[in-house]
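Worksheet for the structure shown next.
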Amino acid sequence: VTQEPSLLGPPGGTVTLTCALSFGSVSTSHYPNWYQQTPGQVPHILICSPNTCPSGVPGRFSGSILGNKAALTVTGTQ
């Protein structure tokens with residue numbers, strides 16, 4: 001996969017991270033998982049497929065498809 005090494009946004013703003021697959025096309029049935037990891041903690045899953053979040057994931061995280069890339073949008077950045 002290919003994604004941005006880092007991304008900055010203003011506090012309270014919105015950022016969108018994208019991920020391109022090295023093979024195949026991103027689709028609702030071929031979509032990478034997004035994980036969040038805090039230093040010193042184990043990663044936990046945020047998004048399993050576009051517009052689908054496991055229970056307990058804050059609504060400020062959302063998954064989508066932008067062109068041929070998977071995207072994770074975060075609102076209310078901290």
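In table form, for the structure just shown:
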quantity: Segment 36-48: number of residues that are of a type outside the set (S, T, N, Q) and modelled with pLDDT under 90; calculated: 5
quantity: Odd one out for Gln41 among (1) touching a Ser or Thr at 6+ places or on another chain (Cβ under 8 Å); (2) within 17 Å of Gln78 (Cβ to Cβ); (3) part of a loop (DSSP other than H, G, I, E, B); calculated: (1)
quantity: Residue, modelled with the lowest pLDDT, within segment 11-35, restricted to residues that are surrounded by 11 or more Cβ atoms within 10 Å (Cβ to Cβ) and more than 15 Å from the chain's Cα centre (by Cα); calculated: Ser25
quantity: Some residue of segment 59-71 being touching a Pro at 6+ places or on another chain (Cβ under 7 Å), exposed (fewer than 15 other Cβ atoms within 10 Å of the Cβ) and assigned to a loop (DSSP other than H, G, I, E, B); calculated: no
quantity: Failed condition for Thr75, given (1) more than 20 Å from Leu7 (Cβ to Cβ); (2) in contact (Cβ under 8 Å) with a residue 24 or more places away in the chain; (3) among the β-branched types (Val, Ile, Thr); calculated: (1)
quantity: Test: residue in segment 13-22 that is in a loop (DSSP other than H, G, I, E, B) and over 18 Å from Ala70 (Cβ atoms); calculated: yes
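The values are calculated or read from the model by the stated rules, or taken from the named source; none is laboratory data. What you see is a predicted model; the values in this text were computed from it and never measured. Ideal geometry is used to build each Cβ from the backbone, glycine not excepted, and the neighbour counts take in all protein chains shown.
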